[in-house]
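Working notes, beginning with the structure itself.
The values are calculated or read from the model by the stated rules, or taken from the named source; none is laboratory data. The shown structure was predicted, so the numbers you read here are calculated from the model rather than taken from an experiment. So basically every Cβ, Gly included, is an ideal-geometry build from the backbone, and we count neighbours across all protein chains shown. Please note that ligands, DNA and RNA were not included when accessible areas were found on the heavy atoms of the full protein model with its side chains. Shrake-Rupley method; radii C 1.70, N 1.55, O 1.52, S 1.80 Å.
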Amino acid sequence: MTEGGAIMTTSGTDVSVESVVRRAASVHRGERGALLPVLHAVQAELGCVPQEAIPVLADEFNLSRADVHGVVTFYHDFRREPAGRSIVRICRAEACQALGADRLLSHVRESGLTLGDTSADGGVTVEQVFCLGNCALGPTVEANGRLHGRVTPARLGAILNGTV
């Protein structure tokens, strides 16, 4: 519920954020450290952890809104806005850095994209991660769950444009 009492809904659906949060919390109630699994469940269902979920989570776990907000913003895996249709993650760990990940980041910026943000058309979200477990084939990029090794700026461009 909002402070005025209205039910907030996710974009394009009639499922309320509050009902999603309360259902996820009920599944994990009684577990130690249940906030993280509930946040993952909310994001899996809604595509993000929207601002409207924060007061409901605080109520469910008897926490302050600041405490919940701190957890959501601390962990990079939680989004506050829905991701693009494609998610491209660039590895920034030491091995990939040594093999040219900085060139990939430069290409992202030159393409008009910003790490952590979604393109204006909602087509792609570019994120950084700190190890994809493909160190021998760095720099590594993951696009929609598929790993790509030895990625060059040109190949990253093809990935971002959806041709790979």
Taking 0.36 nm per residue of separation between V15 and L63 and subtracting their Cα-Cα distance, the length gained on full extension comes to 14.9 nm
The ratio Rg/Rh over the Cα atoms of the chain, Rh being the Kirkwood inverse mean 1/r radius, stands at 1.05
Ranking L63, L39 from most to least accessible area with a 1.4 Å probe gives L63, L39
Once A120 and N144 are pulled to full extension, the length gained, defined as 0.36 nm per residue separation minus their Cα-Cα distance, is 6.8 nm
Tilt, helix 17-28 to longest principal axis of the chain (alpha-carbon atoms), in degrees rounded to tens, equals 90 degrees
Bridge orientation stat for the chain from DSSP, antiparallel percent rounded to 5, came to 55 percent
Expressed in square angstrom to the nearest 10, the accessible area of V72 with a 1.4 Å probe stands at 0 Å²
Two pseudo-spin positions, 7 Å from Cα along C-beta at Q51 and at T73, lie apart in nanometres by 1.2 nm
For the chain the mean separation of alpha carbon contacts under 8 Å (6+ apart) over residue count, i.e. relative contact order in percent, is 17 percent
Given a Förster distance of 25 Å, the FRET efficiency implied by the Cβ-Cβ spacing of R29 and I87, rounded to the nearest 0.05, works out to 0.25
Within region 32-83, DSSP-loop chymotrypsin sites (Phe, Trp or Tyr not before Pro) with at most 12 other C-beta atoms within 10 Å are Y75
Inter-part gap, Cα centre of region 27-43 to Cα centre of region 52-123, in whole angstrom, is 20 Å
The answer for S86, listing residues at least 5 apart or on another chain whose modeled amide H is closer than 5 Å to its amide H, is V124, T125
Computed over the chain, protein heavy atoms only, probe 1.4 angstrom, the accessible area per residue in square angstrom equals 56 Å²
Largest fluctuation, D77, D121, D102 only, Gaussian network model of the chain with Cα springs under 10 angstrom, belongs to D121
Rounded to the nearest 10 degrees, the helix 35-46 long axis (Cα) sits at an angle to the longest Cα principal axis of the chain of 80 degrees
